[in-house]
1. Find the strands (runs of 3 or more DSSP E) located wholly in segment 82-152 whose residues include 2 or more that are more than 23 Å from G424 (Cα to Cα), and list them.
2. Can you tell me which residues in segment 118-153 are of a type in the set (G, A, S), open to solvent by 20 Å² or more (accessible area, probe 1.4 Å) and within 21 Å of E75 (Cβ to Cβ)?
3. Please determine, by comparing only the residues of segment 68-117 that are surrounded by 15 or more Cβ atoms within 10 Å (Cβ to Cβ) and among the small types (G, A, S), which one is nearest to P290 (Cα to Cα).
4. Looking for something modelled with pLDDT of 95 or more, surrounded by fewer than 23 Cβ atoms within 10 Å (Cβ to Cβ) and either charged (D, E, K, R) or touching a Ser or Thr at 6+ places or on another chain (Cβ under 7 Å) (or both) - is there at least one such residue anywhere in segment 327-342?
5. Considering every residue within segment 355-363, establish whether at least one is open to solvent by 20 Å² or more (accessible area, probe 1.4 Å) and either of a type outside the set (D, E, K, R) or part of a loop (DSSP other than H, G, I, E, B) (or both).
6. For residues in segment 543-575 being among the aliphatic types (A, V, I, L, M) and open to solvent by 70 Å² or more (accessible area, probe 1.4 Å), which is nearest to K213 (Cα to Cα)?
7. For segment 263-286, state whether one or more residues are part of a loop (DSSP other than H, G, I, E, B), touching a Pro at 6+ places or on another chain (Cβ under 6 Å) and either closer than 23 Å to A359 by Cβ or open to solvent by 50 Å² or more (accessible area, probe 1.4 Å) (or both).
Amino acid sequence: MRVLTKLVLCFSMLFMSCTENEKGLEVNISFSDQISNEAKDGRLLLMLSTNDEKEPRFQISTGLNTQLIYGMNVEGWKPNEKTTFDKNVFGFPIESFSEIQPGEYFVQALLHTYETFNLSTGHTVKLPMDNGEGQQWNRSPGNFYSKPVKVKIDPDNNGPIEIVMDQIIPEIEEPEDTDWIKHIKVKSEKLSKFWGRDIYLGAHILLPKGFDKHPEAKYPLMVFHGHFPSNFDGFRTTPPDPNVAPEYSDRFKLEGYNITQQQEAYDFYKRWNEPDFPRFLIIEIQHPTPYYDDSYAVNSESQGPYGDAITYELIPAIEKQFRGIGEGWSRFLYGGSTGGWEALAVQVKYPDEYNGCFAACPDPIDFRAYCLANIYEDENAYYYKSEHKKIQVPMHRDYLGHVDATVREANHLELVLGDQSRSGQQWDIWEATYSPQDEDGYPKRIWDKYTGDIDHEVAEFWKENYDLRHIMERDWDKLGDKLKGKIHIYCGDMDNYYLNNAVYLMEDFLENTTNPYYDGEVAYGDRDEHCWNGDPDLPNAISRLRYNSMYVPKIMKRIAQSAPKGADLTSWRYQ
C-alpha cells in the first residue's frame, strides 16, 4: 500500500510539473494606484526586445529590425489588478509566447487608453482619443507604461514575470505663434454632433510677407495636406545651426540630412520674401481622429463628416481671420502619400471649392490596384492565388525591388496593436475611412484581418464611394468640366508601396477622357521611390522639402487662365 501511495504521489508531481511546463511563459501586468485610481479601458501591449538601444515601445515596426509585441483588450481594468499574458495572446512577428527563443530580453508594457464615444448613429464605441501627438500609441499623452526591465526567458524556470506600469506619458505643449506662423483651433459643429462631444480642427498658417502692412490685401489659399503636423515645418528664419551635430538619414542614406533640412527651410524663407514671389496663405491642417493621425479629409460612416467640416467650417474660418479671398478659384491643394490622396479626393468631391490639386505618390486611387491587390477580383489579400504554392503578397520594397515586409505582416501587426480597426495604422485607417459602419459601430472589415479573405460586398461600397478613378469615370459627364485643367498626379515608378500601379490605371482613364479632355498632368520618376513629387532633376530627399514652392508657377498659370471676371488679381501681388 505504501508503494502504491508513493507511486501515486510521484505520478501526481510529474503531472503537475508537465502541466506547469505546458503553461509556458507568463507575464503579469498591472498599473500602480500611484498613477491612477480609476478603472481603465484600452489596448494593453507587451513588448520584448533583444537590445536596449531604445525602449522596446520605439522598436516596433513592419521592418526587418522589429522587436516583439503582444496585445489584448482590457475593460474596467482596476489599479493593482493583474492581467496575464500567456501563449494564447496574439503577437507579432512571433505569434505565440511558446515560440519565443530562450534568452535575455528587455520587457516593457504600455496601456493605450480608450475613451467612450456615443455616436449620433446610436452606437457606442471605445477608441483612443488623440491627445496632441497625432495618434501615436507609443507616445500618446495619458498612456501608462513601465520602464524596461531585463529578464531571462528560460524554459526550465516558468515562474511568471511581474511588470508594473508606474509611468504616464506627459502632455505635449502646443506651439506658440510667431510673426510668420499662426495656430488656430475651430470647434466643428458637424463633427461634435457626430462624435457626441466637442471636436476641434486645427491649422498652422504661414502668413505672407507684408501681411500686417497691407490690410487691403486678400490672399489665395494653399492647402498642404499630409500626416498630422505638430507645427508648420520647412520654414526657418535663420541659417542652419552651426553647432548642431549631423544626423544620418537611413531612409535617404545621407549624412547630415538634418542640416540639409534646416538649409532648405531657410532657403524657402528667403524665397518667400523675394519681391517676385506671389503672396498667399499656406495652411497645414490638424484633423486627427480616434482612428488615425488624420481623417483623409473626406466624409465617412465611421469617422464622420470631416470633408464637410474642413471645407465648410475650418477653411472659411481661416480665410475670414487671415483675409483669404474665400472663393474656389483662389484655393489649391497639394500633398504627398496620404496628402496626395487627400488632395485628389478633395478636388474630386468638392470640385467647385478648389481650383487645382497636385497629388504626389497618392495612396491607392484605383482599388483594382489597392497596392498589389485587386479587391474586386482577388479572393485573398495576403497570398497569391496558386494551387500548390503559398507566396505572400509584398508590401514594401526598395527601388531595386528588394522586399522587407508583406501585407500579411503589416496587418498582423495592426491586429496586435488594436482590433476593430483601432490600431491607428495605415491599413486600418483606409478601412475606417472607406468602409460602411458595422452593426457594432466600428468599420466593416474589407478582409478578415487574420486570414486575408476579402469581403466583396464591402469592396463594392468602397468602389462607389472612395475609388477615385471609378467615381471620376462614372460621373465624368458631371465632373469633367469642373475638373478640367485641375488634376496633376506624380509618382515614382518604383514607389516603395507599389502606389504607381494605381496611378497607371488612373492615367489610362484620364488620357482617354473626352467632352472634355482632362487637360492635366500625370508624370513618373524613373526608379524613384516614395514619395516622388514631380521634380525630374532633384532626388526625393530634396524635392520633398519644396512642396510649398515647386508648384507655384503652375498655380499662377492656372489662376491667370481661370480666375473669373472681376476677380482680385492685384491686391496680393505687392512686392
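1. Filter on segment 82-152 gives 83-85, 103-113.
2. Residues satisfying the conditions are G122, G142.
3. G71
4. Checking segment 327-342: at least one residue is modelled with pLDDT of 95 or more, surrounded by fewer than 23 Cβ atoms within 10 Å (Cβ to Cβ) and either charged (D, E, K, R) or touching a Ser or Thr at 6+ places or on another chain (Cβ under 7 Å) (or both).
5. Taking every residue of segment 355-363 in turn, none turns out to be open to solvent by 20 Å² or more (accessible area, probe 1.4 Å) and either of a type outside the set (D, E, K, R) or part of a loop (DSSP other than H, G, I, E, B) (or both).
6. Only one residue fits best here, namely L569.
7. There is at least one residue in segment 263-286 that is part of a loop (DSSP other than H, G, I, E, B), touching a Pro at 6+ places or on another chain (Cβ under 6 Å) and either closer than 23 Å to A359 by Cβ or open to solvent by 50 Å² or more (accessible area, probe 1.4 Å) (or both).
Here's the yes/no breakdown for (1) part of a strand (DSSP E or B); (2) open to solvent by less than 60 Å² (accessible area, probe 1.4 Å); (3) of a type in the set (S, T, N, Q):
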| position | (1), (2), (3) |
| --- | --- |
| G202 | yes, yes, no |
| P208 | no, yes, no |
| D212 | no, no, no |
| A217 | no, yes, no |
| P229 | no, yes, no |
| F232 | no, yes, no |
| F235 | no, yes, no |
| T238 | no, no, yes |
| P242 | no, no, no |
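The values are calculated or read from the model by the stated rules, or taken from the named source; none is laboratory data. Computed from a prediction, not measured in an experiment: that's the story for all the values here. All Cβ positions, even for glycine, are placed from backbone atoms using ideal geometry, and neighbour counts span all protein chains on display. Remember, those area values only see protein heavy atoms, side chains included, never the ligands or the DNA or RNA. Shrake-Rupley method; radii C 1.70, N 1.55, O 1.52, S 1.80 Å.
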